[in-house]
Amino acid sequence: MARNKPRLEIRGGTHAPLGMPAARFLREYWQKRPLLVRGAFPAWRNPVEPDDLAGLACEELSLARIAIHDPKHDRWTLRTGPFAEADFSSLPATHWTLLVQDVDKWDADVAVLLAPFAFIPSWRIDDVMISYAEEGGSVGPHIDQYDVFLIQGLGNRRWQIDVDPGAPTAFRDDAELRILREFAPSHEWTLEPGDMLYLPPGVPHHGVAVGGPCMTYSVGMRAPSQADLLGDLVDHLLETLPDEARYADPDLAPAKGDGEIDDAAIARVVRALPWLHVEPASAPARVNAAGIADACDHDATGGSAAIPASLLRAWFGRFITRYRSAHAAAAPARPIGNAAFARAAAARTLLGRNPWSRFAWMREGRAARLFVAGEMHECTVALARALCGPEPIPLAGSPRELALLRTLLDAGHLALLRPACARRPR
């Protein structure tokens, strides 16, 4: 007989803010499903007054924001602190929220709120953020990529969540806040002081102040992204690597003069990065729970960091064609017009390369990846060879090839040559 699915709403108590032992919470809810705990803090006393929070938002080192919603036109405005007292007097009567981060570092009474969460490693806890909202105030429906415990401290807030695994995750492009474009809640609760809502990462949710002003205490976790982890690791490695450890090619064979980055060169890149395990190009793509192909994965045999060969090749092509930042191709003052481009194409006008633009290419199946000054383009092998070779090339080709040549012209990597400039040296 199958076990009953864990409930999403339970009651807590003075000595059980989670409503259950911590081990059970971690096993059944942590990073798995939301949990509403009614009366998690039955003897709740609000540790910070709204005026004190506003005063903290005026401190020079505070991290504070104000989100304002115009419900009539559905417009959002985001202001960042620190603020002045006059900023608060100019706010509308309703539909705004003040958010102040790291309040536990400023206020000892707020820091006490972290004690019930000692079952989580202290290094995983980020901060206690406090939000004060007037009637209707919110930050819109959104998604957090970290675990958060939302403790209701003053007034009431209506929380809506969507536990559908296929919930839309696209954001609006007309607001500074990362507000979901679509949101269809599956559950709704109104929290009172002392209630607590736990949300694992990735759950769409929306909290709105109802019945007057409210305050919510958010205990958030540290969850660095892969980009943050890898970026900092690379910075750390850079501090330890000797300058003489470099890309080397003692086995170099004569080049063909066409700018190709061949498989032998990629093999040397791999040897220059000994701590990486590169998956063969034929390895199947791995997909994570969000439906996104993982950039880095774990080698099933050795447990070392594995990176797909295609990703490594694309990175190296971009990297090796970037020139020193002080010397980059300058785009022309005006892009070439349609008429001028058509005339040049009809005349098969020759194109020259900007000396500050590096060109290279590598095979990708039967096609090619062209790399120009750190940018990657798809094209035919023949066009890639021509663009990376030593001779001027004619402005000609299929519509797709002409579109690529125009892109490179408008970026300043190529230039139309006058007839006198196009003659080959004798």
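A few comments on the model shown:
- Flag for A133 being hydrophobic (A, V, I, L, M, F, W, C) and under 21 Å from Q152 (Cβ atoms): yes
- Residue within the range 70-89 that is of a type in the set (F, W, Y) and closer than 27 Å to K105 by Cβ present: yes
- Selected residue [more than 20 Å from I130 (Cα to Cα) and among the small types (G, A, S)] from S218, S225: S225
- Counting the residues of the range 63-75 that are touching a strand residue (DSSP E or B) at 6+ places or on another chain (Cβ under 6 Å) and either surrounded by 19 or more Cβ atoms within 10 Å (Cβ to Cβ) or over 12 Å from T97 (Cα atoms) (or both) gives 5.
- Some residue of the range 132-139 being among the aliphatic types (A, V, I, L, M), more than 14 Å from W96 (Cβ to Cβ), at pLDDT 95 or above and not in a loop (DSSP other than H, G, I, E, B): no
- Per-region count, the range 26-41, residues loosely packed, with under 15 Cβ neighbours inside 10 Å and more than 29 Å from the chain's Cα centre (by Cα): 0
- Qualifying residues in the range 361-393 (those that are part of a loop (DSSP other than H, G, I, E, B) and under 33 Å from the mean Cα position of the chain (by Cα)) - the one surrounded by the most Cβ atoms within 10 Å (Cβ to Cβ): A373
- If you filter the range 48-62 down to residues that are of a type in the set (D, E) and over 17 Å from A111 (Cβ atoms), you find that the one that is surrounded by the fewest Cβ atoms within 10 Å (Cβ to Cβ) is E60.
- Hits in the range 34-86 (condition: at positive phi and touching a residue at least 60 places away in the same chain (Cβ under 8 Å)): G39
- Selection status of A345, surrounded by 12 or more Cβ atoms within 10 Å (Cβ to Cβ), without any contact (Cβ under 8 Å) to a residue 60 or more places away in the chain and out of contact with any Asp or Glu (no Cβ under 8 Å at 6 or more places or on another chain): yes
The values are calculated or read from the model by the stated rules, or taken from the named source; none is laboratory data. This is a predicted model, so every value here is computed, not measured. Ideal geometry is used to build each Cβ from the backbone, glycine not excepted, and the neighbour counts take in all protein chains shown.
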